[in-house]
Amino acid sequence: MNDTNQMNDIIKPGNIVYKRTDLMTDDILHYCPGCGHSTVHRIIAEIIDEEGIQSETIGISPVGCSVYLYNYIDIDCQEAAHGRAPALATAIKRLMPDKYVFTYQGDGDLAAIGTAETIHACNRGENILIVFINNGIYGMTGGQMAPTTIPGMKSSTSPYGRDVEMMGNLIKMTDIVATLPGTYFVTRQSVHSAVNVRRTKKAIRKAFHYQKLKKGTCFVEVVSNCPSNWKMTPVESNKWMEENMFPYYPLGDLKDPEKQQEK
Amino acid sequence: MTQEKELRLMKGNEAVAEAAIRAGADGYFGYPITPQSEILEYLMAAKPYETTGMVVLQAESEVAAINMVYGGAGCGKKVMTTSSSPGISLKQEGISYIAGAELPCLIVNVVRGGPGLGTIQPAQSDYFQAVKGGGHGDYHLIVLAPASVQEMADFVGLGFDLAFKYRNPVMILSDGAIGQMMEKVWLGPYKERSKDVPDWATTGKTPDRERNIITSLHLDSFSEERFNQKLIKKYEEIKSKEVRFEEFNCEDADYVLVAYGTSARVCQKSVQMARAEGLKVGLLRPVTLFPFPSKRISELSTRAKMILSVEMSSGQMVEDVLLAVNGKIPVYHYGRMGGIVTAPDEVVDFLKSKIGG
Amino acid sequence: MAKIKGNIVVDIERCKGCELCMAECPTGTIAMSKEVNHKGYSYAYAARPDLCIGCANCAIVCPDGVITVYKIKI
């Protein structure tokens, strides 16, 4: 009884070490249980809240699972046609250079239909942040093969596994944009554990900071899961991701000039 | 920069570019394609980003350019793009999204012959695409049809005004002849770029308002239908208020030519030639193609004997003329294709052949 | 010697029962309920709050942000 009282005593506003940011709206996220999209939304909202830049930030949602980003983060948003978010961001940033502009795109959006917009925005060095969620599959349309689907991986349009000879190779957009002179900070992260969430949050915060300094395009890939379309539990999907996705998509910074200077 | 009106000899394409700077445009996003590349070239040479602050950017594709327009328009800025037929086809996805998100913007199509890669010579074969929507879904653009270099310049300012008045994309449907030809043009004084921010624009959510969202997504069917009905209401208002046309010698005309843009210039001469031969011919020139001057054409068809629609196409506008006339009198189409500009005497000969028949 | 005590409060109706928090908890504080919420999900709860150290790992990994974490030093 005493213990219970003591436990309840802890639950007081003054003792809060973590609570959901008010910059997330009250809408219940439509994502499947355990989906990394929700986590990345929350991280972005937390950073905007903590940095106090709500009135200076414009987000761009893609076509795909995260089309409804604008329902969840309490900021001004535009919804782009499939793959075109970097084009929108380019104009928004150039017309309002003092605002923070970020796109949020999945792998189908960014690495297939929007390849040209992505590469050219990065190559021009637009002062924007591109957040790239890579779960190796088209989630919204029901689990079709994506350009990032790893060899042998099953999807509804590669039901026997991705046959590279017939279906082509996976594409590593993050590695490609890291080679472009317009990008300043390029990193690959994940959100499947608390330590990785903290790293991703640090990376995205850094990208906002670099945008303020007008350093060029910042590109943050988050290798993520899709429990529903991978047909696994969320915990299993994260394990599968570590074992199967990370060898193709190793985590870490691909380009960070300030870090290189420190060395 | 002069505050006075200024007379210059310019190409139609150059007039569009100069008029955009003077209209206080915030941004231009384009991609080279013949016969309209002078617009981007002129803007890059004029460097308005150093004077008015207007953003000018050569995009990686027409697709990117129209989506840059979407982004800029979503911030409440006066933004535009220009292209020619094949490029306008590429932009259709973006135009549909812009119409669906109810964003104001200006699109100029300096039409060339098609289909496909077609020819770089002038044509009027993008009429359907321009006035019937063009991309997917139920929507319309406001379509202005210039017949001179002067109107190429004038319609830039008018186009932006209409776009913002109705939160609707506006298209200037020109052609390679008007884009490339040189005429004298009176240019208006330089207008300051607007500092007004529309209340729907995404400029960063401040505590005094709800967040602004630019989207064309309505997953709920009832919501989509409500939105469609809202658009219909807007188009009806546009039809009732914004019809523009010109008439030449229509007062006593037995035979009325209907033609826009380059064809209308040709038909003015045809009217003179036919009148010299004693035929009572008039010309109605639609200045707006959407909204179309259907009511006026219907009125004219109650006392004229015949209407001839003249277009540089296989016959597209003639369908709207037929709808307006609604069977009251015979309606014919005449026009050259392939980039050939119809000659005035061809029109008269064709008319006479139909009168005789 | 100062000891750290923590506790969590789960917004039951927002929880989707993905179990990532349970997998992430270093002390075994969290379990999944036998009952379900209005959406039919089994939800996370502090089955052994006495073990909680208030590290917030559960809340940080929670996609839906349903966990509030409290911590005191005693």
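Of all residues in the range B:319-335, those being surrounded by 14 or more Cβ atoms within 10 Å (Cβ to Cβ), of a type in the set (Gly, Ala, Ser) and farther than 30 Å from B:Gly118 by Cα number 1.
Does any residue of the range B:141-161 turn out to be at pLDDT 95 or above, more than 24 Å from B:Tyr42 (Cα to Cα), in contact with an Asp or Glu (Cβ under 6 Å, 6 or more places away or on another chain) and in the same structural domain as B:Gln36 (by TED's automatic domain parsing)? Among the residues of the range B:141-161, not one is at pLDDT 95 or above, more than 24 Å from B:Tyr42 (Cα to Cα), in contact with an Asp or Glu (Cβ under 6 Å, 6 or more places away or on another chain) and in the same structural domain as B:Gln36 (by TED's automatic domain parsing), which makes the answer no.
The residues of the range B:289-299 that are open to solvent by less than 10 Å² (accessible area, probe 1.4 Å) and closer than 17 Å to B:Val318 by Cβ, listed by number, are B:Leu289, B:Pro293, B:Ile297.
Restricting attention to the range C:18-40 and to residues that are over 23 Å from A:Ile16 (Cα atoms) and within 9 Å of another protein chain (Cβ to nearest Cβ), the residue that is farthest from the chain's Cα centre (by Cα) turns out to be C:Lys39. None of B:Val56, B:Val16 is open to solvent by 10 Å² or more (accessible area, probe 1.4 Å) and at pLDDT 95 or above except B:Val56. Could you tell me whether any residue of the range A:215-223 is at negative phi, assigned to a helix (DSSP H, G or I) and within 14 Å of another protein chain (Cβ to nearest Cβ)? Taking every residue of the range A:215-223 in turn, none turns out to be at negative phi, assigned to a helix (DSSP H, G or I) and within 14 Å of another protein chain (Cβ to nearest Cβ). Got at least one residue in the range B:112-122 being assigned by TED's automatic domain parsing to the domain that holds B:Gly30, buried (at least 24 other Cβ atoms within 10 Å of the Cβ) and hydroxyl-bearing (Ser, Thr, Tyr)? Checked the range B:112-122: no residue is assigned by TED's automatic domain parsing to the domain that holds B:Gly30, buried (at least 24 other Cβ atoms within 10 Å of the Cβ) and hydroxyl-bearing (Ser, Thr, Tyr).
Considering the range B:77-89, and only residues there that are open to solvent by less than 10 Å² (accessible area, probe 1.4 Å) and within 11 Å of chain A (Cβ to nearest Cβ), the residue that is farthest from B:Thr203 (Cα to Cα) turns out to be B:Thr81. Filtering the range B:31-69 down to residues that are closer than 10 Å to B:Asn13 by Cβ and within 19 Å of the chain's Cα centre (by Cα), which residue is nearest to the other protein chains (Cβ to nearest Cβ)? Selected residue: B:Leu40.
The number of residues in the range A:14-41 being within 7 Å of another protein chain (Cβ to nearest Cβ), part of a loop (DSSP other than H, G, I, E, B) and free of Cβ contacts under 8 Å to residues at least 12 places away in the same chain comes to 2. Figure legend. Inter-residue proximity from the range C:60-74: first residues basic (Lys, Arg), second residues open to solvent by 10 Å² or more (accessible area, probe 1.4 Å) and in a helix (DSSP H, G or I), beta-carbon distance below 7 Å, spacing 6+ or different chains. Indicated pairs: C:Lys71/A:Asn15. Scanning the range A:146-175 for residues that are under 28 Å from A:Thr217 (Cα atoms) and open to solvent by 40 Å² or more (accessible area, probe 1.4 Å) returns A:Asn169, A:Ile171, A:Lys172, A:Asp175.
Of the candidates C:Gly54, C:Gly28, the single residue that is of a type outside the set (Lys, Arg) and touching a residue at least 40 places away in the same chain (Cβ under 8 Å) is C:Gly54. What are the residues in the range A:224-263 that are among the aliphatic types (A, V, I, L, M) and within 14 Å of another protein chain (Cβ to nearest Cβ), if any? Answer for the range A:224-263, where residues must be among the aliphatic types (A, V, I, L, M) and within 14 Å of another protein chain (Cβ to nearest Cβ): A:Met232, A:Val235, A:Met241.
Out of B:Gly338, B:Gly315, B:Gly282, which single residue is outside any helix (DSSP H, G or I), open to solvent by 10 Å² or more (accessible area, probe 1.4 Å) and over 30 Å from B:Asn168 (Cα atoms)?
Within the list B:Gly338, B:Gly315, B:Gly282, the selection yields B:Gly338.
I'd like the residue in the range C:1-13 that is open to solvent by 30 Å² or more (accessible area, probe 1.4 Å) and touching a residue at least 12 places away in the same chain (Cβ under 8 Å) and, out of all such residues, is nearest to the other protein chains (Cβ to nearest Cβ). Ranking the qualifying residues of the range C:1-13, first place goes to C:Val9.
Against the definition (more than 10 Å from chain B (Cβ to nearest Cβ), open to solvent by less than 50 Å² (accessible area, probe 1.4 Å) and in contact (Cβ under 8 Å) with a residue 40 or more places away in the chain), how does A:Gly59 come out, yes or no? When the stated conditions are applied, A:Gly59 does not pass them. Residue count for the range B:230-274 under the criterion of being within 16 Å of B:Ile297 (Cα to Cα), touching a strand residue (DSSP E or B) at 6+ places or on another chain (Cβ under 7 Å) and not aliphatic (A, V, I, L, M): the result is 10. One residue is enough: does the range B:22-32 have a residue meeting the conditions closer than 17 Å to B:Gly179 by Cβ and assigned to a helix (DSSP H, G or I)? Looking through the range B:22-32, none of the residues is closer than 17 Å to B:Gly179 by Cβ and assigned to a helix (DSSP H, G or I).
B:Gln92 fulfils the conditions (1) outside any helix (DSSP H, G or I); (2) within 14 Å of chain A (Cβ to nearest Cβ); (3) more than 22 Å from B:Ala201 (Cα to Cα) except for a single criterion, (1). Would the range A:110-128 turn up any residue that is closer than 15 Å to A:Ser66 by Cα and touching a Cys at 6+ places or on another chain (Cβ under 9 Å)? No; the residues of the range A:110-128 include none that is closer than 15 Å to A:Ser66 by Cα and touching a Cys at 6+ places or on another chain (Cβ under 9 Å).
Restricted to the range A:73-119, and to residues that are part of a strand (DSSP E or B) and either at positive phi or open to solvent by 10 Å² or more (accessible area, probe 1.4 Å) (or both), which residue is nearest to the other protein chains (Cβ to nearest Cβ)?
Only one residue tops the list, namely A:Tyr100.
Just one of the numbered conditions (1) without any contact (Cβ under 8 Å) to a residue 12 or more places away in the chain; (2) surrounded by 24 or more Cβ atoms within 10 Å (Cβ to Cβ); (3) more than 8 Å from every other protein chain (Cβ to nearest Cβ) is not true of A:Tyr70: (3).
Selection over the range A:176-214 of residues that are open to solvent by less than 10 Å² (accessible area, probe 1.4 Å), part of a helix (DSSP H, G or I), within 22 Å of C:Pro63 (Cβ to Cβ) and not polar (S, T, N, Q) gives a count of 6. Among the residues of the range C:42-67, the one identified as surrounded by fewer than 20 Cβ atoms within 10 Å (Cβ to Cβ) and within 7 Å of chain A (Cβ to nearest Cβ) is C:Asp50.
The values are calculated or read from the model by the stated rules, or taken from the named source; none is laboratory data. Computed from a predicted model, the values in this text were never measured in an experiment. FYI the Cβ positions are ideal-geometry reconstructions off the backbone, even for glycines, and counts take in every protein chain you see. All accessible areas refer to the heavy atoms of the entire protein, side chains included, with ligands and DNA or RNA removed. Shrake-Rupley method; radii C 1.70, N 1.55, O 1.52, S 1.80 Å.
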